[in-house]
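The block underneath contains the structure these notes are about, expressed in structure tokens.
The values are calculated or read from the model by the stated rules, or taken from the named source; none is laboratory data. No experiment lies behind these values; they were computed from the predicted model shown. Glycine gets a Cβ as well: all are built from the backbone with ideal geometry, and neighbour counts include every protein chain shown. These area figures cover heavy atoms from the full protein model, side chains too; ligands, DNA and RNA do not enter into them. Shrake-Rupley method; radii C 1.70, N 1.55, O 1.52, S 1.80 Å.
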Amino acid sequence: MKKDLLMWDETLFRDPEVFEIDYVPEQFNHRETQMRELAFQITPGLRGGRPFNTICRGLPGTGKTTSVRKLLAQVEEHESKLVPVYINCQIDNTKFAIFTQIYQKLSGHPAPASGTSFKQIFDAVARILLKEEKVLLVALDDANYLLYENEINKILYALLRSHETYPGTRIGVITIISDMNVDLSREVDPRVASVFRPTEIYFPPYSAEEARHILSERVMTGLYPGALSESMLDLVVEQTMKSGDLRVGLDLLKRATLNAEMAARRQIEEADICQAYEVSKYLHLTFTLRTLKDEEKELMRIIARMSLERDEKDEMNAGGIYEWAKGHMKLGYTRYYEIIKKLDAMRLINLNYRQGRGRTRVISLRYEPGRILELLV
Ligand SMILES: Nc1ncnc2c1ncn2[C@@H]1O[C@H](COP(=O)(O)OP(=O)(O)OP(=O)(O)O)[C@@H](O)[C@H]1O
């Protein structure tokens, strides 16, 4: 009898949800200090005052989003004047988009589709806050994107100085930053800095022991007993620690399990994990490339092609790349340099200075150019 390709008689997954990127785990260890600090920051908001402003900072996959999401969920459950709003700044990165989200949360219905000005949305938000005596807590996840887009000052100004336009409104902000090159409190302009004055909460990378503990908890809930041996878990942890990003470990577990299932095995083997790692290690690259605008993708493509075509010992300098790029796309130097700085901040390229005759800016890729081109198709 022909076997249905999509029908598995037996699966190794007890609960596949557990390995999905948006899964919020019930068990959340090794972040107790940060959770306590976050709770302290918002306490004034629960009592009707303005929450303290906060920056959560740490490398990717160190639990910042999950901590803030858990805190916001608790605020939702707690009867208080505080209304939490979560914003993903990779998607909503303009003042208008952010206030539209806030309006939707406060009013419970979508903002008018078109023809509405920022002032009208801001008015509507302030009216609800004042009428219902609510305090707003806005969590800006991946706030570094607001900086790349030059929007951060406008947004923080509107949020944090709202009381000047609409006396009585109270808004506190939690910003989440995964770019360690960005020092947000120094990047904002003085008019914003005087009202921002954030407390920084640092999320250090997990140690191998902590990562092992977290991943083993997921394995216990997500896989059937015996699917992953202790030594194979050690291998997953070792691969995860290369980037320190827990997301890589979770993706690796999911893929390795599927590899074992495909081979109709009841236990995950070393080959399943190594094969899975060849995909999981590009997780950051895949995600980040997807967030680029067309023009930025085009420049990334040009740099990758140039890197493949050059003689290995030749370095790529920023001026040379610009000359090359000009032949392939319409791009002024100022915009070109803005994109280069963004690609560097997003850890797709390295931008370094070499002292010589004058200062030369040298560019190198953080990933193999061939893989970048494949993913950009
Ligand atoms: N202490 C923990 N316990 C259980 N799971 C965790 C823990 N820390 C992180 N995770 C898991 O790791 C993944 C990445 O975590 P999270 O998105 O919170 O990281 P992040 O620091 O916000 O990353 P980024 O800066 O890239 O957005 C999520 O799936 C999350 O559930």
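Among Lys281/Lys342; Lys105/Lys293; Lys64/Lys95, which pairs are too far apart, with a Cα-Cα distance over 26 Å? Pairs exceeding the cut-off: Lys105/Lys293. Shape class of the chain from the Cα gyration tensor (axes a ≥ b ≥ c, square roots of the eigenvalues): oblate, since a/c reaches 1.5 or more and a/b does not exceed b/c. Spatial offset of the stretch 70-104 relative to the stretch 269-293 amounts to 30 Å, using the alpha carbon center of each. Computed with a 1.4 Å probe over protein heavy atoms only, the accessible surface of the stretch 206-281 comes to 47 Å² per residue.
Taken about its Cα centre, the chain carries a charge dipole of about 1520 debye when Lys and Arg each add +1 at the Cβ and Asp and Glu each add -1 at the Cβ. Between Asp15 and Tyr333, what FRET efficiency follows from the Cβ-Cβ distance if R0 is 51 Å, with the result rounded to 0.05? Calculated transfer efficiency: 0.45. Translational D (Stokes-Einstein, µm²/s) of the stretch 291-376 at 25 °C and 0.890 mPa s when Rh comes from the Kirkwood sum over C-alpha pairs? Reported coefficient: 187 µm²/s. Projecting the Cα atoms of Leu228, Cys56, Gly319 onto the dipole axis of the chain, where Lys and Arg carry +1 and Asp and Glu carry -1 at the beta carbon, places Gly319 farthest toward the positive end.
In terms of its alpha-carbon gyration tensor, the stretch 206-281 comes out oblate; a/c meets the 1.5 threshold, while b/c is at least as large as a/b. On the beta carbon distance between Leu308 and Ser117, with R0 = 35 Å, the FRET formula returns roughly 0.15. For Leu223, the residues 5 or more places off, or on other chains, whose built amide H falls under 5 Å of its own are Arg14, Asp15. The length gained on full extension between Val24 and Lys293, counted as 0.36 nm times the residue separation minus their Cα-Cα distance, comes to 93.9 nm.
With helices as the sole contributors, the chain gives -15500 deg cm²/dmol at 222 nm; each DSSP H run of n ≥ 4 counts as -39500 (n - 2.57), and the sum is divided by every residue. A 1.4 Å probe run over the protein chains yields, for the stretch 32-202, 46 Å² of accessible area per residue, whole-number rounding. For the chain, the residue among Phe40, Phe99, Val75 whose Cα projects farthest onto the positive side of the dipole built from Cβ charges is Phe99.
In the stretch 32-202, a dipole from Cβ-located charges (positive for Lys and Arg, negative for Asp and Glu) runs towards its positive end, and of Ala139, His163, Phe118 it is His163 whose Cα lies farthest in that direction. For the chain, the share of accessible area belonging to carbon and sulfur comes to 50 percent (1.4 Å probe, ligands and nucleic acids excluded).
Between Gln104 and Glu278, the contour length at 0.36 nm per residue exceeds the Cα-Cα span by 58.5 nm. Taking Ile42, Ile340, Ile21 as the candidate residues, the one with maximal mean-square fluctuation in a Gaussian network model of the chain, Cα springs under 10 Å, is Ile21.
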